[in-house]
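First up is the structure itself, then whatever we jot down about it.
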Amino acid sequence: MVSIKALAFYLATMAVAVSAAPAAASKSVTTADSVIADITSIDAQVLILTSAVGDVKEKTLDSSTVDVDFTSLHVANQQGVTDAALEAPASSEDSSRVVATIEATLSIDIPDAIDALEAKKEYFTSDQRTVVLAWLVVLQSDYNTFGGLLIKRTSEDVIPRAEAAAKLIGDAISAGIAFYSS
């Protein structure tokens, strides 16, 4: 049974996720370089989360650290969503650069982060597992929004690569959600 505390935290987490949706920005158009910077920022947050979880050696996991890391990752994703929403359709060259960045970073590091979270599940209390699950759901929503916007702006010749990278990321997040749901 999920405790009231865990449920309240989950609801607060979801409220933050909804309220952190990107506001209307004053920029009219962003560039592939802006999106690449966002991807790099998201990846840096993924690596921080992976490191924090990977450093756990016993059942002394401080869930506030993981929560802060997930929050930072969510904020970075929201910046990516904002910029991707404002990006003009990309040329083949720009699309290739964006997808190459994803292939070299997020499509590797997000599955690694999910593996780290799965490996440390036993170190989380029941309430902490509920929080991790909630954050994975938020991450999936962020990923679906950001990825969907990027695919829309990707050059036709690069879409198969973009979809392959997106599948790696999406499958990993879905597996993490399934793992923490059981």
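Each part gets one Cα centre, and for the range 80-105 versus the range 146-177 those centres are 11 Å apart. For an R0 of 25 angstrom, estimate the FRET efficiency from the Cβ-Cβ distance between V29 and A164 and round to the nearest 0.05. Once rounded, the FRET efficiency stands at 0.40. For the range 32-181, lysine pairs with C-alpha atoms less than 28 angstrom apart, excluding pairs fewer than eight positions apart on the same chain, total 7. Max-minus-min Cα coordinates of the range 32-181 on each principal axis give 49, 22, 21 Å, with the largest extent listed first. Only Lys, Arg, Asp and Glu carry charge here, each on its Cβ (+1 for the first two, -1 for the last two); on that basis the range 32-181 has a dipole of about 320 debye about its Cα centre. Neighbour counts of other Cβ atoms within 10 Å put D67, D142, D38, D55 in the fewest-to-most order D55, D67, D142, D38. Our estimate of slack between K57 and A175, defined as 0.36 nm per intervening residue step minus the Cα-Cα distance, is 40.2 nm. Taking 0.36 nm per residue of separation and subtracting the current Cα-Cα distance, fully stretching the chain between A44 and A119 would add 24.9 nm.
Each value in this text was obtained by applying a stated rule to the coordinates, not by laboratory testing. Computed from a predicted model, the values in this text were never measured in an experiment. Positions of Cβ are generated from backbone atoms using ideal geometry, with glycine treated the same way; all protein chains shown enter the neighbour counts.
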